[in-house]
Amino acid sequence: MSSHRTMAAQGEPLLEGVVSRDAVDRHVTGTLTSKAMLRQSSEVSPWFYVLALLCLVSLLAFLYLALANYVACEMDETAILEEKIQKTKDANNKLRLEIVLKEDPVRIQQEAKQMGFAEAQRVEYLEVVLDEPAASPASSGQQLSVTGASSAPGWWDNMVRQFRDWVASVRETEPRDSP
Amino acid sequence: MHMDAPIQGQLYRRAFALAALLLIVVAVAVGRLAYLQFHRPPWVRPNDEAQPITLPAHRGNIYDAHGYLLAVDATVYDIEAMSDQITDRRKVAQVLAPLLQEPAEELQRLLQSKSGKIHLKRVFREEVVKSIQDLGLPGVLVIPKPGRVYPHEELAASVLGFVNDEGKASYGVEAYYDQFLEGKAGSRVVERDAMGCLRYKVQPARDGTDLYLTLDRNVQWIVEEVLAKAVEENQAKKGIAIVMDPQTGAILAMAVYPTYDPNTREVVDENVYMNSAISEPYEPGSVFKIVTIVSALDAGVITPSSTYYDQGRIVVGGRVISNANEAAYGQTTMTDLLAHSLNVGAAHVSMKLGARKFYDYVERFGFGQLTGVDLAYELTGWVRQPGDRDWHESDLGTNSFGQGLAATPLQMLCAVAAVANQGVMMRPHVVARIVDGDRITEIPPQVAGRVVSAEAAAQVTEMLVYAVDNVLTLAAIPGYRVAGKSGTSQIAMPSGDYDPEATIASFAGYVPADDPRLAILVILHRPEKEHWGIKAAAPAFREIAQRLLALLAVPPDQVRLSMQ
């Protein structure tokens with residue numbers, strides 16, 4: 001009501017005979033509600049601050065816990081992986097050890113003896129003659145026709161020659177080796 | 001002026017509800033935080049906060065030149081016995097003896113020695129452990145623990161050294177390269193930051209690097225086998241053998257006998273841990289004449305055909321020096337001097353060279369200094385120099401044939417190898433490369449310096465070949481030209497006099513003489529059966545050289561030269 005009076009006092013024109021009572025009431029009520037809301041907002045604002053603060057703290061706490069949980073999980077996983085790496089390395093070393101024990105010269109020597117092998121009393125070095133580069137068919141044919149050489153392939157000649165050399169070297173060394 | 005009561009009440013109720021809800025959430029969160037602050041979180045393991053958890057680093061492996069494993073971290077098993085729980089000790093000893101490779105009497109003595117827990121032996125072979133466990137002997141315990149395993153047991157023990165139960169590396173490569181091999185342990189520690197919050201701090205472990213040696217397992221095995229046989233046959237107290245590639249300084253084998261098993265380290269005398277090849281200087285005797293003669297040749301004071309008149313005796317600094325066999329050789333060439341190993345001739349040459357030059361060459365050859373080999377506890381030996389208080393003029397005479405000075409076996413072999421390598425001395429080394437994951441560091445051969453000219457070295461080589469072909473024939477190898485020199489030195493007693501009964505017999509040489517692949521030194525301490533180097537040490541030299549030439553596929557000179 002005081003507001004109505006205030007508005008009248010300010011000289012706001014009222015529609016004479018046209019303005020209904022309802023319209024006036026609606027206007028008055030709306031004006032009253034918005035004023036009340038404004039006053040109420042100024043009255044509850046500390047609560048909103050508290051609530052907002054609580055929300056913030058909750059959010060931070062949640063984030064902290066989530067992060068701590070994440071870090072803890074990661075650390076746990078890292079520890080598990082580290083353990084796995086250690087175990088793998090241990091297993092690798094164990095395998096290496098097994099391999100080297102199988103490769104032990106004493107063991108190999110014993111097994112070789114059991115298999116009937118004996119240590120070599122003499123080492124002989126043979127000259128290895130590699131095949132000459134293959135000549136073209138035309139040139140080789142020409143050579144054969146001119147020289148009339150053996151028709152056996154080159155590798156066979158080489159093998160025969162090496163065998164002869166070996167026999168000769170054995171004959172040479174025999175008197176020296178005999179007691 | 002005032003809000004409608006219903007509206008206001010509704011607003012307040014809603015606000016309170018929301019606030020209460022949030023308060024509950026916050027209370028839970030804060031409560032949880034407070035709990036975590038004052039109690040150990042579930043993911044923090046016991047004692048994490050008290051002390052950091054150490055993440056152990058694997059010690060690097062050691063391999064030979066061809067990648068055969070020589071040392072590795074693995075599980076070892078201590079075989080122990082609770083003597084009180086064993087009723088039939090004799091039977092237990094007999095059952096365990098073949099598995100532990102120990103005499104049954106020794107095990108029985110151990111079991112009867114005291115009550116309580118008795119350590120029988122440490123083993124690393126799984127099959128042995130399984131066999132013992134399968135026996136189910138009451139009172140016999142198998143205790144696994146992490147340790148260092150040397151799978152070849154005694155092989156190359158003097159070169160490798162060992163790591164003891166406390167993780168301390170001792171002797172050899174293990175000690176010298178400890179900082180590379182041991183790696184760096186990591187840690188995992190829980191800390192509180194400035195806000196009092198817990199946080200993990202992880203430092204991952206860094207494993208040690210692997211070492212690949214110049215040592216060849218098979219060469220080492222042959223050398224040890226031959227050396228052990230030579231020591232036993234000659235009833236010597238000790239034997240030392242070194243094989244080196246004179247062109248690179250790479251040590252292919254280094255053996256000391258008697259030796260020990262670095263896995264168990266059960267020895268009567270701990271001196272056996274010392275690598276006598278680098279840590280026990282000796283008087284090299286006539287092998288040193290190689291140094292005297294090549295120095296004089298390099299200085300130009302003699303030639304191989306120079307002569308002197310050998311009366312069987314010579315006086316140097318007031319001291320009478322005579323030949324080992326007391327004989328006089330008359331007019332003698334330098335070549336014959338070396339072949340017959342005449343002390344009088346060597347003293348004559350050193351006097352002709354003069355003290356200043358002689359000791360200058362001795363120093364150039366590295367005597368009295370460390371060779372720089374990458375092994376722990378190398379000693380320098382000693383050489384008295386002119387100007388030293390205890391040097392005497394007679395030292396010039398006695399030093400010329402390797403008495404009155406002390407060199408380590410490795411120093412002596414390096415000097416011989418320098419002559420073999422055309423006068424260029426290489427720094428000896430046992431590690432060929434260091435492997436750290438994908439990063440490989442090769443250790444290249446290092447030239448220590450030129451000690452004599454190539455001409456002088458070649459002349460001495462011919463003289464040494466002549467010596468082996470004509471006098472020192474026990475060292476000759478059919479098909480190969482061998483350059484070598486024997487040595488028989490006396491052993492100084494604490495009183496300062498020489499022991500009249502004991503000798504050190506040695507032989508040093510290289511093969512093939514014109515393109516040496518192997519420089520070999522064999523030393524036998526106090527051999528009782530044969531006292532002379534040529535008789536005691538030369539056969540071992542020959543056997544080592546012959547077997548290694550076959551192993552390394554070095555063809556006879558005729559074949560090799562025809563291929564060139």
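All of the numbers you see were taken from the coordinates with simple rules; none came from a lab. Keep in mind it's a predicted model, so treat the numbers as computed, not measured. Positions of Cβ are generated from backbone atoms using ideal geometry, with glycine treated the same way; all protein chains shown enter the neighbour counts.
Just tell me how shielded A:95-108 is by partners: mean number of partner chain Cβ atoms within 10 Å of each residue's Cβ, no decimals.
5
Quick one: go through the range B:530-564 and flag any residue whose amide nitrogen is under 12 Å from the point 7 Å out along the Cα-to-Cβ line of A:Val123.
Hits in the range B:530-564 for A:Val123 at 12 Å: B:544-557.
Can you give the FRET efficiency for A:Glu98 and B:Leu551, using 1/(1 + (r/R0)^6), R0 = 25 Å, r = Cβ-Cβ distance, to the nearest 0.05?
According to the calculation, E is roughly 0.45.
Average partner chain C-beta neighbours within 10 Å, per residue of B:507-519?
0
Counting each DSSP H run of 4 or more residues in chain B as -39500 (n - 2.57), what helix-only mean residue ellipticity at 222 nm follows after dividing by all residues, to the nearest 500 deg cm²/dmol?
The helix contribution divided over chain B gives -10500 deg cm²/dmol.
Over chain B, calculate the relative contact order: mean separation of alpha carbon pairs under 8 Å at least 6 apart, over the residue count, as a percent.
This gives 14 percent for chain B.
Hey, could you get me the Stokes-Einstein D for the range B:362-401, Kirkwood radius over alpha-carbon pairs, 4 °C and 1.567 mPa s, rounded to whole µm² s⁻¹?
Estimated via Stokes-Einstein, D reaches 112 µm²/s.
Let's test the formula: R0 of 45 Å, r as the Cβ-Cβ distance of B:Lys145 and A:Val71. What FRET efficiency results, to the nearest 0.05?
0.85
Is there a simple number for the mean count of other chain Cβ atoms within 10 Å of the Cβ of residues in B:25-31, and what is it?
5
Show me B:162-175, B:412-425, B:145-158 ranked by packing, highest mean number of other Cβ atoms within 10 Å first.
Sorting B:162-175, B:412-425, B:145-158 by mean packing, highest first, produces B:412-425, B:145-158, B:162-175.
For the range B:217-563, compute Rg over Rh where Rg is the Cα radius of gyration and Rh is the Kirkwood radius from the inverse mean 1/r over Cα pairs.
That ratio is 0.95, to two decimals.
Beyond 15 Å, what share of the Cα-Cα pairs of the range B:406-475 remains, rounded to the nearest whole percent?
Everything past 15 Å amounts to 65 percent.
Using θ = phi - 60° and the Karplus curve 6.51 cos²θ - 1.76 cosθ + 1.60, what whole-Hz ³J(HN,Hα) does each residue of the range B:371-388 get, with Gly and Pro shown as x?
6, x, 5, 7, 9, 6, 6, 6, 10, 8, x, 8, 9, 6, 9, x, x, 5
Averaging the inverse of every distinct alpha carbon separation and then flipping it gives the Kirkwood radius. What is it for the protein assembly as shown, in angstrom units?
After inverting the mean inverse Cα-Cα distance, the result is 33.4 Å.
Please report, in Å, the Rg and the Dmax of the range A:42-106, where both are computed over Cα atoms only.
Taking only Cα atoms of the range A:42-106, I get Rg and Dmax of 27.9, 98 Å.
I'd like the antiparallel share, as a percent to the nearest 5, of DSSP beta bridges with both residues in the range B:217-563.
95 percent
Tell me which residues come under 5 Å, amide H to amide H, from B:Gln403 once H is placed; ignore anything under 5 positions away on its chain.
Under 5 Å from the amide H of B:Gln403: B:Gly285.
Between B:Ser187 and B:Asp514, with labels modelled 7 Å along Cα→Cβ, what's the label distance in nm to one decimal, could you check?
6.5 nm
Take the alpha carbon atoms of the range B:216-272, find their center, do the same for the range B:50-118, and report the distance between the two centers in whole angstrom.
Result: 24 Å between the Cα centres.
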